[in-house]
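Everything below concerns the one structure shown next.
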Amino acid sequence: MRIIVTDREGSVQEAEGEPGLKLMEAIRDLDDSVDAICGGLCSCATCHVYVDGEWLGRLPAIEDDEEELLDSLENRQSNSRLSCQIELTPELDGITLTVGPEE
Ligand code: FES
């Protein structure tokens, strides 16, 4: 499945994902992508992404841990998510997102 990523330099790249992987795991090896320093433990917020509007409603709901971390970000927007908290499913094939800025 495809994931379309606008990186921190503004370039559009395509990542390959598989159902069951976390979104973060599928995009972290791209250049200028998320840092994901905590490795997906929901404790660093360096996997912050902005998800394109049409995909937002297909994502799992934001849990309390994620909400708290998102709230600590200066650059949070209404479409902000932590990519380590999103498990890929076949319905997310083609998901389009932008990597959040470094904070
Ligand atoms: S990788 Fe650290 S919160 Fe997502």
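Computed from the coordinates by the stated procedures, all read-outs in this text should not be read as laboratory data. From a predicted model like this one, the values you see are computed outputs, not experimental measurements. Glycine also receives a Cβ, built like all others from the backbone with ideal geometry; neighbour counts cover every protein chain displayed.
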_Which count do you get for residues in region 14-32 that are within 15 Å of the ligand (Cβ to nearest atom), among the charged types (D, E, K, R) and not in a loop (DSSP other than H, G, I, E, B)?_
2
*Options Pro60, Pro19: the member that is more than 16 Å from Leu97 (Cα to Cα) and not hydrophobic (A, V, I, L, M, F, W, C)*: Pro19
*Among what's in region 47-73 and is buried (at least 20 other Cβ atoms within 10 Å of the Cβ) and β-branched (Val, Ile, Thr), pick the residue that is nearest to the ligand (Cβ to nearest atom).*
Val49
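Would you call Asp35 of a type outside the set (S, T, N, Q) and away from the ligand (no atom under 12 Å from the Cβ)? Quick ask: steps written out before the conclusion?
Numbers: of a type outside the set (S, T, N, Q): yes; away from the ligand (no atom under 12 Å from the Cβ): no.
No: the conditions fail for Asp35.
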*asked:* Which condition from (1) assigned to a loop (DSSP other than H, G, I, E, B); (2) closer than 17 Å to Leu88 by Cβ is the one that Thr46 breaks?
replied: (2)
*Of the residues that sit in region 79-103 and are closer than 23 Å to Ile37 by Cα and surrounded by fewer than 15 Cβ atoms within 10 Å (Cβ to Cβ), which one is farthest from the ligand (Cβ to nearest atom)?*
Pro101
